[in-house]
1. Six or more apart or on different chains, Cβ under 9 Å: which pairs go from a residue in segment 1-25 that's modelled with pLDDT of 95 or more and of a type in the set (Ser, Thr, Tyr) to one that's part of a helix (DSSP H, G or I) and surrounded by fewer than 14 Cβ atoms within 10 Å (Cβ to Cβ)? Could you list them?
2. Please specify each residue of segment 108-138 satisfying the condition of being under 24 Å from residue 64 (Cα atoms) and either of a type outside the set (Ser, Thr, Tyr) or in a helix (DSSP H, G or I) (or both).
3. I'd like the full set of residues that are in a helix (DSSP H, G or I), charged (D, E, K, R) and at pLDDT 95 or above, limited to segment 82-107.
4. In segment 86-100, what residues are more than 12 Å from the chain's Cα centre (by Cα) and either surrounded by 23 or more Cβ atoms within 10 Å (Cβ to Cβ) or under 17 Å from residue 18 (Cβ atoms) (or both)?
5. Taking segment 114-141, which residues are touching a residue at least 60 places away in the same chain (Cβ under 8 Å) and either surrounded by fewer than 21 Cβ atoms within 10 Å (Cβ to Cβ) or at positive phi (or both)?
6. Mind listing just one residue for me: the one in segment 63-81 that is in a loop (DSSP other than H, G, I, E, B), touching a residue at least 40 places away in the same chain (Cβ under 8 Å) and crowded, with 20+ Cβ neighbours inside 10 Å and, of those, nearest to the chain's Cα centre (by Cα)?
Amino acid sequence: MPYEIIDVPIESLNVEAVVNPTNVVMQFTDGVSARIAEHAGPALQQDCTKLAPLHADEILVTQGYRLHVKWIFHVVTPEWIEHGEEAISLCYARVLQDAVTQRIQSIAVPVFCSEQAGFPAERSVQLAEEVVQHFLKSHPQLIIFIVK
């Protein structure tokens, strides 16, 4: 099972790492990031506030806090209206490459931009799946969950 598309709360998964799609100032106020922060506990927000800002080309890795994960990969997801689908795909690829570099064995990646106004949810899933399928050709050891 190199990858699977699942529809469960990302904060409930028992994997080595989860991806937290966030903003530059790392304020976890809505969507996936708010749910991750709520379950991880207040120390996550406190630590990330100290480490902000997070630039669009960076990935910040923190401990999992109270989640059932060892690591949280924080990444600023692109605004699809401004940057297009290619930027979203590149963001997925950067996260997966960083996971391999960090020797992560299993990672849960939420569908990026699916909560942004006007971006089709089905296309979000397709983009994630396309990137994951391509990535696994050269890194078949990584177990990836795409979380809808």
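The values are calculated or read from the model by the stated rules, or taken from the named source; none is laboratory data. Note that the structure is a prediction, hence the values are computed from the model and not measured. Backbone-built Cβ (ideal geometry, glycine too); neighbour counts: all protein chains shown.
1. That search, which allows pairs on different chains as well, returns 3/133.
2. 108, 109, 110, 111, 112, 113, 115, 128, 132
3. Across segment 82-107, the qualifying residues are 94, 98.
4. 97, 100, listed by residue number.
5. The answer is 115, 125, 129, 133, 136, 140.
6. Looking at residues that are in a loop (DSSP other than H, G, I, E, B), touching a residue at least 40 places away in the same chain (Cβ under 8 Å) and crowded, with 20+ Cβ neighbours inside 10 Å, I get 77.
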